[in-house]
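S.K.: Shown below is the structure under consideration.
Since every read-out is calculated from the coordinates, none of them should be taken as a lab result. Computed from a predicted structure; not experimentally measured. Heads up, the Cβs are rebuilt from the backbone with ideal geometry, glycines too, and the neighbour counts pull from every protein chain shown.
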Amino acid sequence: MTDVAIREPSSLRNKLLSVWENRWTTRLMPFVILLLIAFAFSLATGGRFLASRNLTIILNQALVVATVATGGTFIFATGNVNLAMGATTVLCETVSAMAFLAILDAGGSVELGLVVMFVISVILAVFIMGFSAILSTKLNVRVLYVTIVMMTLLAAIQQALLGGSTLTIPSKITRMLANNNVHYIIFGVFFAFAVVIFHFTKIGRTLRFIGTNEICAHQTGKFKKDYLLLAFVIGGLGMGLGAMVAIIRSGSVSITTLSSLNMDTMLAIVLGGMSVFGGSKSFVYAGVIGAVTVTALQNGMVMVGVDSNLIQGVRGLLFLLLVAAAQKRPHGLPAPEG
Amino acid sequence: MPTKEVLLEVQNMYKNFGATVALNNVSFTLNRGVVCGLIGENGSGKSTVSSIAAGMQPPTKGSMKFKGEPWAPPSMLYAEKHGIGMIVQEAGTIPNITVAENIFLGHEAMFKQGPIINRAKMMAATRELLEGLGITNIQADQPVRELDMQQRKVVEIAKCMYWKPEILIVDETSTALSQDGREFLYSIMAAQRDNNRSVIFISHDLDEMMEQCDELTVLRDGVIIGTVQKADYEPSLIRRMMIGREIQGNYYRDDFDGYSDEVVLKADCITTMEDLLCFDLELHKGEILGIGGLSQCGMHTVGRALFGLEKLVDGKVTLKDGTKINNTRTAIKNRMGYVSKNRDTESLGLSASIMENIASTGYDINRWHGPGPLISNRKEKDYVDEQVKELSIKCASKYHNVNTLSGGNKQKVVFGKWIAPDSEILILDCPTRGVDVGVKAAMYQLMYRMKKAGKSILLISEELQELIGMSDRVLIMKDGEVRLEMMRTEGLTEQKLIEYMI
Amino acid sequence: MKKIFALLLSMAMILAVLPLTSLAQEKYIIGVAFQNVTSDTEIQKDYYTNELAPALGMEFIFSEAIKDTETLVTFIENCYAKGAVGIINYYTAGRGRGAEAADQYEMFFITQASKLDDATLDLEYNLGNCGASVDGMARAYTAAMESVLADGENHSVLMCTTAAVGQVAASHYYSTQAMLETMQNKYNLTYSKSIDEIINTDSPGEVDTGNPNIKIFLVPGTDNDKTLATISTPLQSGDYDIFVAVSGYANYTSAIAEVERAKNMDIKVVATASIEKQTLTGFTTLDPLGNPILNAVILNPLNVANAFCAAAIYNALNGGAEALKDADGNAAQLFVNPWPCPDAETYANIAKLDTEHDTYVINADDLQRLMVTSNPDANHDSYAEYLMELADIDAIIARKIK
Amino acid sequence: MNRRIKNTLITLAFPVLMFLIMEAVCLIAAGRHVIDFSTNLDLVNLVRNTGIACAITYALSFNLTSGRLDLSLGAQRLAGTVIGSNIALALGLSGVWLLLFSLTFGLVFGLVVGLVFVWARVPPMVLGIGMGLILESVVYVTSGGVGLNLFGVQGITILSEAYFTILVVAILLVVVLYLVAYTKFGYQMRAIQGSQRIAQNSGINIFRHAVLCYTFAGGLVGVAGILDAAYKTQMAVTSGNASSGPVVSNTFPMFLGIFLGRWSNQAVGILVATLTLRIFAMGLAKLQLSEAMSNVVNMFLYLAFLVYLANENYFKKRKAWADRLVEVQEKKSKLGIPVEA
């Protein structure tokens, strides 16, 4: 008999379990968490937290991670973890900023410079991610280890390009972009595109199905090597655009720029309710919700007066508790990823 | 005859898995020095009662006595140490560690000498054990990954025999063994009987049971029908006890309608890395072609090769219009479907919902008007609802995860997945394995309806009854070749088929 | 499900309007954006909290180690959210964007750097810089070098220039320049390349000094495992008997001790340091040959800069912002002069400074001179003048150490 | 016996070969030796770096071989060293005591992470990031933001002596070898790597085993931390889980070590692999490559090795394919089917 003995759940526990299990709970849990955090902080700060100016601040701060994480959800959906998302974004930021400044020095117009900067950033990110995917599928090295290599390689290339110096985009230009809400438009357009692809097309469904069971996906005609490349390319798009949002926000790039972006992005995706093993419980807005939650936490705790270095510890603790609470506790140990 | 001393006593045992009742008030006694056979169809409960005795799972109700003492083993390890050892059907060895380490897995502390585990002593004990059992072709320090399936099973047997179990339980192991592997197993069981210990031998292969066992207990649907002593074995009597129930309506097909001679799928002298060498096969429109044989005979590889899952060293698989099938995508584009033998790991996304599983074959069908990649949720919902209704899949909602379903319903989801896109050619590899009787009957009727609708089915099965009952034409394979081809019209019987299987 | 969320949302709104805890607003909240969190950071925090906060009626929020402009802007925004009115910034690379962000949220902004960011000079809330004076640093390094070259022998110098390349940190650049010029004058060397070119080469290597028995080796880059490995080669050649470090020197001391023991030679160490226990131990502990590990030090008077920055923001908050601007109304560049400290005895006295109220170089009473409320003509020139006064370490010691 | 000698020779060939290659490259390109024996500074650096990298790689191997990449190892190293040493200093102890305290507190923090893993059963990647952030905060708070300052502390020079470091590395080798090859823990580790299900069915307590893995890993990185801190006389507090950087880059020596383990065992393999790679790194430093360039070269070597490891039996497979084709031709000729050219 191949069926394993199934415990007879008592009726109450069964009802609870079914509520916990049903489709909408898992999807809306991250929203509930975000609301509770907002509620708690507004209580503690007497409403200052929910002041409209502060909410726009939180949104601005979360935008870079949200863009990269939205791209990242495509990669995570296939059950793969990518450690090179931060390094890719920062390298694109560096190369495109260099190109922009070079055009400006050569007397080219600002508009031309911006367009070239934009295009280079996106193309380079898509190329790096595509190259990583092909490297993994063609030379069948595990995705995780390819990204470990890429992480260090890309950081080294950036250091070779920049050395200790810092590139700065004239603030007049970044301010002009910011005032025209270019960064919101970039994120908005990409997010809309991502939602459509992820939830309304065959690509999104296939990526999630590969994350659930790769062999079964293969037997229904969906090959990992094609869709992994697609997931990485869309992820790369998110990183190229994330680099632009970052430039608009900070206007400068150095070898220490966004050093914890990869960790923040993974934190955001998982906190947004996605499982690290991908599969059917993946949804594209996890990245955004997670990014806003992480930023709200940081902002709130500063307002409440928690010491900055303690905030990080609290963030780590909350991250663990929320992920443990959101998943059904496996009776064995979580499946290996290494 | 040695004095009749009772070794194991099972009293009024019940066991159910959710809705399916596996054991229904089972009681029996096992004496010393006896090779007792438990025989019955799939799902009859024979494996359940033995796995409870071996500590693999607890009974829902009822009690056991072993050597007169109450017996409720918490784990297989405990049972193994206290006299009941079991050899399971699935692989029980770990490939990356040596034979010795597999045999003493969990018992390494026995070789503790001061602070260290004496590896040499473990190796010596293993060599001594292997020689004692007359096993020569396996070295103690060899990693198990270097052994083939046969040798791995032999290692499992040796592991069990180390503890000199009072009762050795052998659960459906013979199907995985070649002839010499089986001879080895029979010698072990005979030795067990001669040392005044006993064996519980589980199989659904009647001839083997009659030859090896001193008595046969027949189980059907979780109830003991009766026990027959070796003296009065009579195959047809036992088989009727096994199948016995009046089959409501035609459990299998009772018609003899033929099939058109138009070839829809042709394997043209195909060769795969293992198993198949210059293998030919033709599947006709409206035909149910059955392939039978022992599990290592290569029939599963045929199924995989025809669907583009096995890389072909040579030869080609072609459809009626000549298109070559070299990967699953081309197969599916040409309306083929494949139900794998390992349902949970290969045919289903367990952690995904019923909706996602069934819809996975309809991405191109349920487009949101126009060629684009967009999918219409409404079309997709209907696509799935139709299958849930058609196959009457019992589930709270189609959004629940597949792993909350029973075995039978899971198989229905797999069938639904391939029927929904109206596949023309279906390759079914052991489609009814581990499925309760009710669902089996539904599947057989479904297969018959599809045949009448002109679809072609390749039925690969390890159950001869199923092949005989459903196939228009049966091929019996052994060592990668077709040894027998019989038409349904020539009157298929188990006797004729088994001769060519073994 | 929908009902529950509606309920939750409305509750949050109601409670938000009801100000439960009224934030006591009488204190000025000032954000302090640190670039590194090391032992001297804690000393500065004590000075901020115990001395400056009560005197200026301020409450300080301290950041974690800020390594990039994004984190600086985020910290500024979060401080704004808490009601901060001023930012003291240590992350020099982000000073331009930081000034802009602070200006957008109408918070006064001052950075501890030696070089102004010209793009944001005219911003209303940008009070400019109060950093190490580059020529002060040059003078201090020249003095320190002369003290170790005093014996008239031939000496060769191995120097970690950290962020000198491209003047990422102006003080590092000018310290290296001072060293090269002192060596050039002392041994009338002829460099094959201009001093600027020499400093800006970004791979480690030997400088062509034109004099075989005088060698100079420059190692750029942040101090980490790689720089530690790179200095091993020149160090163990035994050709270099003076080691200069513009930022951390501590993690090279084991390597230096190893070579001193193996080659039985004394390697003198000249470095920038701050007033903290580690510097005292440096002077008092002996290396394998019985000489103090640290020979000459250029001290960064961190708390002096902190006092001026806090006072500047205090004045700006009390209407004195214009007075702080420079002659043509732009953000000011104030220079804090480092204190040269050629030997252990001098440091012994300096070590007593900045330990408690009386010994703070600028304690609560001295602050009155900087605060516009108690000294109405506190302005850009009076600040600059006071800073010049504080350049003379001996006068300070005489005044503070009774 | 000659199989054992052959294996030892192969194992030793890797570091020796690397040394010769780098010596040649350094002499030609930079006119310097890889290891300058005039002072033992190079030797001290090589021994220390190998010791530190080897301890971290052993720690990684305990969990990564069971599929768990622990990103909090860096924070455990920081916590074990800083908190352990600060307590030892507070008690007026120095020298080897710092090592023992760092080891003990490394074990404690490893145990904590292990227990959280077994209790929360969150995926290891998530656990690593979470615990990394928490431990870095704990270190900041307990050390008052100062981290560990050993500058001028008497008695710590022994911790960076070449011979002492060799002794410590030797002890680590013996302990890890003993744990992996001669204890129940080691046997169970290999069994669990093969199949967690079968191991669990055979009565192995996989939870207790996971906690032990994390604990031993914590202890090892504690040792690595103090060896590093003693030489640099300080270990500063980090934030944003930046402490996980050096740990992730040690996956290269681990894979190389497991590969070399075929000719000896995993413990010796990892030591030899770390030594080989440190000689390579020293050579790059002698060529005075900038940090960026040596990272790029290192990563290409790592990638090439990963590709080789993944396609090792590529040629074996091609040969088997060719043999199979021959079988087909024979069968076809036997069956009289025309054999294509």
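S.K.: Using Cα-Cα distances under 8 Å and only pairs 6 or more residues apart, what relative contact order does chain B have, in percent?
M.R.: After rounding, I find 15 percent.
S.K.: While we're here: Can you tell me which lysines have their Cα less than 28 Å from the Cα of D:LYS332? Leave out same-chain residues fewer than eight positions away.
M.R.: B:LYS266, B:LYS311, B:LYS316, B:LYS320, B:LYS324, B:LYS478, D:LYS316, D:LYS317, D:LYS319
S.K.: State which stretch of chain D is the longest one without any exposed GluC sites (Glu not before Pro), exposure meaning a DSSP loop state and at most 13 other Cβ atoms within 10 Å.
M.R.: D:1-311
S.K.: Provide a whole-number value for the mean count of partner chain Cβ atoms within 10 Å of the Cβ atoms in peptide A:138-147.
M.R.: Mean inter-chain Cβ contacts per residue within 10 Å come to 4.
S.K.: Something else: As a footprinting exposure proxy, order B:HIS107, D:HIS209 by other Cβ within 10 Å, with the fewest listed first.
M.R.: Going from least to most buried by this count: B:HIS107, D:HIS209.
S.K.: What FRET efficiency would be calculated for the residue pair B:ASN327, D:GLN329, taking the C-beta separation as r and a Förster radius of 25 Å, to the nearest 0.05?
M.R.: About 0.50, to the nearest 0.05.
S.K.: Can you list the residues of segment B:115-134 with backbone N under 15 Å from a point 7 Å past the Cα of D:ASN7, pointing along Cα to Cβ?
M.R.: From segment B:115-134, the list is B:119-120, B:123.
S.K.: Still on this structure: What's the average, rounded to a whole number, of partner chain beta-carbon atoms within 10 Å of each residue's beta-carbon in B:401-409?
M.R.: Partner-chain Cβ atoms within 10 Å, mean over residues of B:401-409: 2.
S.K.: Mean-square fluctuation check for chain A, GNM, Cα pairs under 10 Å: which of A:GLY300, A:GLY290, A:GLY107 is largest?
M.R.: Maximum among the listed residues: A:GLY107.
S.K.: On each of the three principal axes of the Cα atoms of segment B:286-363, give max minus min coordinate, whole Å, ordered largest first.
M.R.: Reported extents, whole Å, longest axis first: 38, 33, 28.
S.K.: Answer rounded, prolate or oblate for chain A, using the Cα gyration tensor with square roots of eigenvalues a ≥ b ≥ c: rounded when a/c is under 1.5, else prolate when a/b is larger than b/c, else oblate.
M.R.: Oblate, because a/c is 1.5 or more while a/b does not exceed b/c.
S.K.: Report, in whole Å, the centroid distance computed from the Cα atoms of segment A:142-165 and segment B:435-502.
M.R.: Measuring centre to centre over Cα atoms gives 59 Å.
S.K.: Computed FRET efficiency, Cβ-Cβ of B:ASP479 and D:VAL118, R0 60 Å: what is it to the nearest 0.05?
M.R.: Efficiency, from the Cβ-Cβ distance: 0.80.
S.K.: When the helices in chain C are scored as -39500 (n - 2.57) per DSSP H run of 4 or longer and the sum is shared across all residues, what 222 nm value do you end up with, to the nearest 500 deg cm²/dmol?
M.R.: Taking each H run of at least 4 residues, the total per residue is -12500 deg cm²/dmol.
S.K.: With both bridge residues required to lie in the protein assembly as shown, what share of the DSSP beta bridges run antiparallel, to the nearest 5%?
M.R.: 45
S.K.: Now for a separate question. Mind checking which lysines have their Cα closer than 27 Å to the Cα of C:LYS82? Skip sequence neighbours fewer than 8 apart in that chain.
M.R.: C:LYS27, C:LYS45, C:LYS67
S.K.: Under 10 Å from the Cβ of B:HIS82, count the other residues' Cβ atoms, weight Lys and Arg +1, Asp and Glu -1, and hand me the total.
M.R.: My count for the surroundings of B:HIS82 gives -1.
S.K.: Using modelled amide H (1.01 Å from N, peptide plane; none on Pro or chain starts), what sits under 5 Å from the amide H of B:VAL264, excluding residues fewer than 5 places away?
M.R.: B:LEU283, B:HIS284, B:LYS285
S.K.: Please list, in order along segment B:334-347, the HN-Hα scalar couplings obtained from phi with the Karplus expression 6.51 cos²θ - 1.76 cosθ + 1.60 (θ = phi - 60°), rounded to whole Hz, x for Gly and Pro.
M.R.: 8, 6, 10, x, 9, 9, 7, 5, 8, 4, 5, 8, 10, 9
S.K.: Hey, another quick one. When Cβ neighbours within 10 Å are restricted to other protein chains, what is their mean count per residue of peptide A:151-158?
M.R.: 5
S.K.: Moving to a separate point now. Which of D:ARG77, D:ARG68, D:ARG197 moves most in a GNM of chain D, Cα contacts under 10 Å?
M.R.: Of D:ARG77, D:ARG68, D:ARG197, the most mobile in the Gaussian network model is D:ARG197.
S.K.: Return the percentage of antiparallel bridges among DSSP beta bridges fully within chain B, rounded to the nearest 5 %.
M.R.: 55
S.K.: Please order C:LYS193, B:LYS266 by the number of other Cβ within 10 Å, starting at the fewest.
M.R.: Ordered by Cβ neighbours within 10 Å, fewest first: C:LYS193, B:LYS266.
S.K.: While we're on this one: Compute the label zone of C:ARG261 within segment D:145-175: residues whose backbone N is under 18 Å from the point 7 Å along Cα-to-Cβ.
M.R.: D:150-169
S.K.: In addition: If a/c stays under 1.5 just call it rounded; otherwise compare a/b with b/c (prolate if a/b is bigger, oblate if not). Do that for segment A:237-338, with a ≥ b ≥ c from the square roots of the Cα gyration tensor eigenvalues.
M.R.: Oblate is the answer for segment A:237-338, as a/c is 1.5 or above yet b/c matches or exceeds a/b.
S.K.: Identify all aspartates and glutamates with a Cα-Cα distance to C:LYS186 below 13 Å; exclude those on the same chain that are fewer than 8 residues away in sequence.
M.R.: Cross-link targets: C:GLU146, C:ASP151, C:GLU153.
S.K.: Still on this structure, I have one more. 222 nm [θ] for chain D, helices only, -39500 (n - 2.57) per DSSP H run of 4+, per residue, to 500?
M.R.: One gets -25500 deg cm²/dmol as the mean residue ellipticity at 222 nm.
S.K.: Using label points projected 7 Å from each Cα along Cα→Cβ, tell me how many nm separate D:ILE28 and B:GLU282, to one decimal.
M.R.: Between D:ILE28 and B:GLU282, the simple spin-label model gives 6.7 nm.
S.K.: Here is a further query. Could you tell me what a quarter of the Cα convex hull surface of the protein assembly as shown works out to, in nm² with one decimal place?
M.R.: 64.2
S.K.: Please compute the modelled spin-label separation between C:ASP202 and A:VAL196, points set 7 Å along Cα→Cβ, answer in nm with one decimal.
M.R.: 4.2
S.K.: Something else now. Which residue, A:LYS138, A:LYS224, A:LYS281, has the most motion in a Gaussian network model of chain A that connects Cα atoms within less than 10 Å?
M.R.: A:LYS138
S.K.: In addition: Can you put C:TRP339, B:TRP71 in order, fewest other beta carbons within 10 Å first?
M.R.: Lowest count first: B:TRP71, C:TRP339.
S.K.: What nm distance separates the two modelled labels at B:ASN137 and B:VAL263, each placed 7 Å from Cα along Cα→Cβ?
M.R.: In this crude label model, B:ASN137 to B:VAL263 measures out at 3.7 nm.
S.K.: Quick one: Karplus J couplings for segment B:302-313, per residue in order, coefficients 6.51, -1.76, 1.60, θ = phi - 60°, nearest Hz, x for Gly and Pro?
M.R.: The phi angles translate into 4, x, 5, 5, 5, 9, x, 8, 10, 6, 8, 5 Hz.
S.K.: Then there is this: Consider a paramagnetic label point 7 Å from the Cα of C:LYS27 along Cα→Cβ; state which residues of segment C:41-64 have an amide N under 19 Å from it.
M.R.: Once the point is set 7 Å along Cα→Cβ of C:LYS27, C:42-64 turn out to lie under 19 Å by backbone N, inside segment C:41-64.
S.K.: Another one. Defining a contact as two alpha carbons under 8 Å apart and six or more residues distant in sequence, what relative contact order in percent does segment C:241-298 show?
M.R.: 37
S.K.: Have a look at D:VAL326, D:PRO338, D:ALA304 and report the one farthest towards the positive end of the charge dipole of segment D:292-341, computed about the Cα centre with Cβ charges (Lys/Arg +1, Asp/Glu -1).
M.R.: Highest projection toward the positive end goes to D:PRO338.
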